[in-house]
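The structure under discussion appears below in the form of structure tokens.
The values are calculated or read from the model by the stated rules, or taken from the named source; none is laboratory data. All values reported here derive from a predicted model rather than from experimental measurement. Quick reminder, even Gly has a Cβ in these numbers, built from the backbone with ideal geometry, and neighbours come from all protein chains shown. Remember, those area values only see protein heavy atoms, side chains included, never the ligands or the DNA or RNA. Shrake-Rupley method; radii C 1.70, N 1.55, O 1.52, S 1.80 Å.
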Amino acid sequence: MGYLLLAYLLGSLVGGLLFFPEVRGKDLPGGSGVFRKKGPWAALLVVLWDVGKGVLALLLTPEPLRPYTGAALVAGHTWPLFFRFRGGGGIAPSLGYFLAWYPRETLLASALALGVAGAYHLLWWRKRRGVYPIPFGAIFGYLALLFLLPTAGRLGALWVAGVVLLRGLEILRGR
């Protein structure tokens, strides 16, 4: 239980809100939202922070608990205790978590996700507006992880994807 709480609290240290509190209320505090409001260098800082806390959470977690602490980390990022439970989408911390756990499989899934995001941006999103390209591509990345990872990793990816999906539905509803 202590590892889950630690992962949640670590997740609650949302980079976009720590470094750029003025973004709160104007956009999501993840890499994409900070990119839209503050530019690419600010977004890079936020993404590195959020990916880094995912790596740290994985390194602090004993092997048997890894399928569960990833979800706690992402829940902390999406509903952060320190920022009135209004955080980011959870993609960057989950990326760091899985990169540290299963680097090869995560890089393959990330390449697929970025490819889908790029195609979606070029072919569909510009015309119709809807889900932003990175979250749209991430759906395919999480699905790829479900096929690429061994059992414990699949369970972790399923839990993490579930948290990201819940947050995504909140975002789409405008909360």
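See the values below:
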item: Odd one out for Ile171, checked against (1) in contact (Cβ under 8 Å) with a residue 60 or more places away in the chain; (2) loosely packed, with under 15 Cβ neighbours inside 10 Å; (3) more than 13 Å from the chain's Cα centre (by Cα); result: (2)
item: Tally of residues being closer than 25 Å to Leu65 by Cβ and touching an Asp or Glu at 6+ places or on another chain (Cβ under 6 Å) across region 1-48; result: 1
item: Matching residues, region 76-91, being open to solvent by less than 20 Å² (accessible area, probe 1.4 Å) and either at pLDDT 95 or above or under 17 Å from Ala161 (Cα atoms) (or both); result: Gly76, His77, Thr78, Gly87, Gly88, Gly90
item: Filtered residues of region 1-56 (kept if more than 13 Å from the chain's Cα centre (by Cα), under 23 Å from Val131 (Cα atoms) and of a type in the set (A, V, I, L, M, F, W, C)); result: Leu17, Val23, Val34, Phe35, Ala42, Ala43, Leu44
item: Set Ala100, Ala75, Ala57, Ala42: member being farther than 17 Å from Leu6 by Cβ and among the small types (Gly, Ala, Ser); result: Ala42
item: Elements of type helices (runs of 4 or more DSSP H) contained in region 69-175, each with 1 or more residues being within 15 Å of Gly30 (Cα to Cα); result: 91-101, 133-148, 151-173
